[in-house]
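Nothing in this text is a laboratory measurement; each read-out follows from the coordinates by a stated rule. All values reported here derive from a predicted model rather than from experimental measurement. No Cβ is skipped: glycine too gets one built from the backbone with ideal geometry, and neighbour counts run over all protein chains shown.
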Amino acid sequence: MDRLLDSWYSPNLNKEMEIAIYGHSGFALLMFPSAAADYLEYERFYLIDSIKPMIEEGRIRVFSINSINSESWLNDTISPRQKAVRHQQFNAYVAEEVVPYMNNATGGRTLTITSGVSLGAFHAANTVFRRPDLFDGTIAMSGIYDLKSYSKGYYDEDVYFNSPMDYLPNLHDETVLGLLKSKSDIHFLSGEGSYEAPGATWAIANVLGAKGIPNNVEIWGPEWGHDWPTWRAMLPDYLNRYF
């Protein structure tokens, strides 16, 4: 399996940002780390190994980026407003830096699916909803899609426009809605075991459904908790069936 570690100095984030690339061809799978984790998290917890056959077959090329969650919503040493600003800077980094990097690596625009677990699932889904012109779908596992769950009571315009449970019901831009309605690969998965929140998965699915945006939900049983064995089973199973 081809593996490349790379980085560049991000002008949006004013720091060096690393990326790991796995594979040589196939559609692009952009992976967002969970919580305060880094770009090697999915390798470290063997999620990359779980989809290694598909990577080696050239069906998927994985791009795993670093997070700045520990500098935004998980950083209680700064003000809530500063957390929101940092989140928006991360959005700009993904759209203005990561996307061109991926397009260059793949030789042009290719099918691009986001993915992540837990807080990474939130970022993966929010990224697609905000920029459906750049991304074609998501596989979001064990996420909560209401940013207020992380903002600890703080609420401003930037929280609103990064909280899919808030802004999607009020989305009336026909261009953006048209792009989202054209997607066939918006997927949400959750278990019913320890620390999972299947209700959050159904909540975002219902919001999308009310707007006419197609999506697919799978809720695995109570033996599947909020942990790596669940995600190592979910992702390869789902990719093999739908991609």
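Multiplying the sequence separation of Ala35 and Met1 by 0.36 nm and subtracting their Cα-Cα distance, what value in nm do you get?
Working: separation 34, 0.36 × 34 = 12.24 nm, distance 2.69 nm.
Length difference between fully extended and current span is 9.5 nm.
In the neighborhood of Val176, defined by Cβ-to-Cβ distances under 12 Å, what is the net charge if each Lys or Arg adds +1 and each Asp or Glu adds -1?
Details: positive: Arg130, Arg131, Lys181, Lys183, Lys211; negative: Asp133, Asp173, Glu174.
Around Val176, the charge tally is +2.
Filter the GluC sites (Glu not before Pro) in region 52-155 to those in DSSP coil with at most 13 other Cβ atoms within 10 Å of their Cβ, and list the result.
When the GluC sites (Glu not before Pro) of region 52-155 are filtered for loop state and at most 13 Cβ neighbours within 10 Å, Glu57 remain.
Quick one: order Met17, Met31, Met165, Met141 by neighbouring beta-carbon count within 10 Å, fewest to most. Let's see the in-between values first.
On the way: Met17 20, Met31 26, Met165 17, Met141 29.
Sorted ascending by nearby Cβ count, the order is Met165, Met17, Met31, Met141.
Return the equivalent ellipsoid semi-axes of the chain as a descending list in whole Å, where each equals the square root of 5 times an eigenvalue of the C-alpha gyration tensor.
Values: eigenvalues 114, 94, 72 Å².
Over the Cα atoms of the chain, the ellipsoid semi-axes are 24, 22, 19 Å.
Of His187, His123, how do they rank once you tally other Cβ atoms within 10 Å and put the fewest first? Before the final figure, lay out the partial values.
On the way: His187 23, His123 29.
Starting with the residue having the fewest Cβ neighbours, the order is His187, His123.
Report the relative contact order of the chain, percent, no decimals, based on alpha-carbon pairs under 8 angstrom and at least 6 residues apart.
Working: 472 pairs, mean separation 39.7, N = 243.
RCO, the chain: 16 percent.
Rounded to the nearest 0.05, what FRET efficiency do Ser25 and Glu96 give with R0 = 25 Å and r taken as the Cβ-Cβ distance? Could you check?
On the way: r = 25 Å, r/R0 = 1.00.
The calculated FRET efficiency here is 0.50.
Please compute the modelled spin-label separation between Asn104 and Arg241, points set 7 Å along Cα→Cβ, answer in nm with one decimal.
So the two model labels end up 3.8 nm from each other.
Can you tell me what share of the DSSP beta bridges in the chain is antiparallel? A percent to the nearest 5 is fine. Don't skip to the answer; put the middle values down first.
Details: 12 of 36 bridges.
Antiparallel: roughly 35 percent of the beta bridges in the chain.
Would you calculate, for the chain, the mean residue ellipticity at 222 nm contributed by helices, counting each DSSP H stretch of 4 or more residues as -39,500 (n - 2.57) and dividing by all residues, to the nearest 500?
Working: 12 runs with 95 residues, N = 243.
My calculation for the chain gives -10500 deg cm²/dmol from helical runs alone.
Hey, what did region 1-92 get for relative contact order, percent, Cα under 8 Å, at least 6 apart?
31 percent
Please identify the trypsin sites (Lys or Arg not before Pro) of region 104-158 that satisfy two criteria: DSSP loop assignment and at most 11 other Cβ atoms within 10 Å. Which are they?
Answer by residue number: Lys152.
What lysines sit close enough to Lys83 to cross-link, taking a C-alpha to C-alpha distance under 21 Å and skipping anything fewer than 8 places away on the same chain?
Lys15, Lys148, Lys152
Hey, fewest Cβ within 10 Å first, where do Glu43, Glu18, Glu157 land in order?
Values: Glu43 17, Glu18 14, Glu157 8.
In order of increasing Cβ crowding within 10 Å: Glu157, Glu18, Glu43.
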